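The values are calculated or read from the model by the stated rules, or taken from the named source; none is laboratory data. All values reported here derive from a predicted model rather than from experimental measurement. All Cβ positions, glycine included, derive from the backbone under ideal geometry; neighbour counts span all protein chains shown. Side chains are part of the model used for accessible areas, which takes the heavy atoms of the whole protein and leaves out ligands, DNA and RNA. Shrake-Rupley method; radii C 1.70, N 1.55, O 1.52, S 1.80 Å.
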Amino acid sequence: MGSRILNEFYMTLNIKEKLAALIRGTVEDSSARLAQYGNDASIFEIIPQLVITPEDTADLKTIINFVREHKSADKTLSLTPRAAGTGMSGESLNDSIIVDMKKFNHIQEVGNDYAITEPCVYYRDFEIEVAKNELFLPSYTASKKLCTVGGMVSNNSAGEKTLSCGQTARYVKELSALLADGNEYVFKPLNKEELTAKINQGGFESEIHQRIYAILEKNYDFIQSKKPRVNKNAAGYELWNVWNRDMFDLTQLFAGSQGTLGIITKIKFQLVRPKPYASLLVIFLKDIIHLGDIVNTVLPCNPESFESYDDHTLKLAEEFLPEVTKFFDASIKPKIVLLAEFTGDSEEEAVEKTRCAEKHIPIGKAITTMITCDPKNVDHYCTVRRESFNLLRYHSGHERTAPIIEDIIVRPEFLPEFLPKLYKILDSYNLVYTIAGHIGDGNLHIMPLMDFREAKIRMIAIELCKKVFDLVFEYGGSMSAEHNDGIIRTPFLEHMYGNEMIKLFEEVKLIFDPSNIFNPGKKVFGRDLAFVKEHIDRVY
Ligand SMILES: Cc1cc2nc3c(=O)[nH]c(=O)nc-3n(C[C@H](O)[C@H](O)[C@H](O)COP(=O)(O)OP(=O)(O)OC[C@H]3O[C@@H](n4cnc5c(N)ncnc54)[C@H](O)[C@@H]3O)c2cc1C
């Protein structure tokens, strides 16, 4: 009797009240809270219905089961995980339930060359903890003070060291995730025998392994042919990295999947020891026309990182980071600054590599150089590069930074031919824009300033994406090297990969998430460009 009354009472509750009754964590829907989760570092605004902060894995399981069970009655119900919310593609925004992962913030173990951690640990805290064992995760982002390691995995993020050290996916050795059936599973690389055993064991996990394996094996050559031929990529599902006919590794599918396949609860990272000495070759270019050639001159000398920023960024840094720029030679007025970092086991080795690279540069009126191995000085130059987006973001008046074409990548050897065509498109719109980025990878962070209150400007944003991405695809590049697809780039995936590949992406999503519970509209089954335009945030 008591339980019948309870049941009847439960049926009268709305979704918020029901969920609040079921979990230990919080369920919120105040307008202030919803507004806070309606934005990230992208150009979009989408206000959710609820924000849930689960206390633990048991809460997460309950939430997933609840949404799955109520999905047929309410098709709009979904779960979008959110970590620090610093994504630039709108990937953590959605109109249903946002799952704030902030309670999953414990580092569990740091070993000789690895760390096991929950996903919502801030990189800045992770960095300090693993440095005690003289280790680091080299795929750190320019946002390393703001973002979490789980966000980095989910975006397959990258940064200044990626040129020599690769993206975040490379360092994911094992991960635990909650899938659509509400259970937690561990993913790690499997050899053929282990894969066969997993396929034969039965259950949802087994079904996933069997069906993903079948897709990858059947379409093996086709999938490999679709791998973008660039140093890094975050667009689409990285199917080509899962099965190499020797090892089968679903961690490589989760990395970069933007919370669309399940919710990550634990990550084991492979970590590395930093080289103890670094030397920086700073190259000041008076003119952009030399950029492509200089990049290709320095790259064969194998810098550990090769970054860039432009005069506009430098001007902002002079104004807002004077404690850093006061050490720079103010008489040099470059259009572009390039930073090639060389490392070694001794200072002599690092400096020798730097001098070797400098020798090949045609130094003159338009090109000057400087070498420094003072760690503080190196840090000053790198800080301006890392802060480039933030400087612009917070100091651009009534116009706003518009990350839309901010993550394109082409092979560096194409830069001399590609760049003039790119500038022609950009300049045809009379826009103010800055360029910084990972120039050694051919990954350019182009950040236009736009006033989205004007409908015409919102149109231009979409048009610009189409034109720039077309050019990038012409050169076999990717529209996203590290910031991933989110809202802004999902509609362009078909153009990048073709319809046949999109069908495979959709099959993969449906195998993991048959009811489309997790972060719908990202990667697959995305909305159209009208939706994209409609949700550009106009108020700031
Ligand atoms: C100033 C600035 C500079 C930046 N520089 C770089 C850069 O150099 N390189 C770079 O790659 N990016 C950069 N970014 C973008 C962003 O910081 C990174 O992509 C970062 O890794 C996102 O981490 P986050 O914790 O903010 O994740 P969020 O933005 O909260 O989430 C990112 C994605 O991960 C998913 N997610 C979060 N937690 C989980 C989980 N537990 N399980 C499953 N999915 C989950 C979310 O649904 C979302 O799709 C920059 C951003 C800013 C603001």
*Once both axes come from the Cα atoms, what is the angle between helix 375-386 and the longest principal axis of the chain, in degrees from 0 to 90, rounded to 10?*
60 degrees
*When the accessible area of the stretch 391-489 is computed with all protein chains present and a 1.4 Å probe, what percentage of it is carbon and sulfur?*
53 percent
*Along the charge dipole of the chain, Cβ charges K/R +1 and D/E -1, which of Ile264, Ser42, Val532 sits furthest on the positive end?*
Val532
_Residue-averaged [θ]222 nm for the chain, counting only DSSP H segments that reach four residues, each worth -39500 (n - 2.57)_ = -11000 deg cm²/dmol
_Amide proton proximity set for His445, modelled H, under 5 Å, gap of 5+_ = Ala436, Gly437, His438
*Solvent-accessible area per residue for the chain (1.4 angstrom probe, square angstrom)*: 41 Å²
_Cleavage-rule hits, trypsin sites (Lys or Arg not before Pro), the stretch 234-308, DSSP coil, Cβ neighbours within 10 Å at most 13_ = Arg245
_Share of Cα-Cα pairs in the stretch 116-233 lying beyond 26 Å, as whole percent_ = 36 percent
*Quick one: with all protein chains in place, what share of the accessible area of the stretch 32-161 is carbon or sulfur, to the nearest percent (1.4 Å probe)?*
48 percent
*Counting Lys and Arg as +1 and Asp and Glu as -1, each charge on the Cβ, what is the dipole of the stretch 182-229 about the Cα centre in debye, to the nearest 20?*
340 debye
_Label-zone membership for the stretch 354-380, site Asp287, 7 angstrom Cα→C-beta point, backbone N under 19 Å_ = 361-369
_Give the separation of the Cα centroids, the stretch 106-139 to the stretch 182-260, in Å._
26 Å
*Does the stretch 1-133 come out rounded, prolate or oblate by the C-alpha gyration tensor, with a ≥ b ≥ c the root eigenvalues, rounded set by a/c under 1.5 and, if not, prolate when a/b is larger than b/c and oblate if not?*
oblate
_How are the alpha carbon pair distances in the stretch 351-393 distributed across 10 Å bins from zero to the largest one, expressed in percent?_
23, 36, 34, 7
*Furthest towards positive pole of dipole, Met152, Met101, Tyr123, structure part the stretch 79-160, Cβ charges*: Met101
*asked:* Highest mean first, how do 359-372, 88-101 rank when packing is the count of other Cβ atoms within 10 Å averaged over residues?
replied: 88-101, 359-372
*Relative to the first principal axis of the alpha-carbon coordinates of the chain, what is the inclination of helix 499-512, with its axis defined by its Cα atoms, in degrees from 0 to 90 and to the nearest 10?*
50 degrees
*In the stretch 425-521, which GluC sites (Glu not before Pro) are in a loop and have at most 15 other Cβ atoms within 10 Å, using DSSP for the loop call?*
Glu454
*asked:* Rounded, prolate or oblate, given the Cα gyration tensor of the stretch 365-465, with a/c below 1.5 counting as rounded?
replied: oblate
*Could you check how many percent of all C-alpha pairs in the chain are farther apart than 35 Å?*
36 percent
*asked:* What whole-number volume per residue, in cubic angstrom, does the convex hull of the C-alpha atoms of the stretch 62-112 give?
replied: 120 Å³
*the stretch 337-422: Rg/Rh from Cα coordinates, Kirkwood Rh?*
1.04
*Find, among the trypsin sites (Lys or Arg not before Pro) in the stretch 317-354, those assigned to loop by DSSP (not H, G, I, E, B) with at most 11 other beta-carbon atoms within 10 angstrom.*
Lys326
*Want the number for Glu507 to Ile371: 0.36 nm per residue separation, take away the alpha-carbon distance, what's left?*
43.8 nm
*What shape does the stretch 21-91 have by the C-alpha gyration tensor, where a ≥ b ≥ c are the square roots of the eigenvalues, rounded means a/c under 1.5, and otherwise prolate means a/b greater than b/c and oblate the rest?*
prolate
_0 to 90° range, to nearest 10: angle between helix 347-359 axis and the chain longest Cα axis_ = 70 degrees
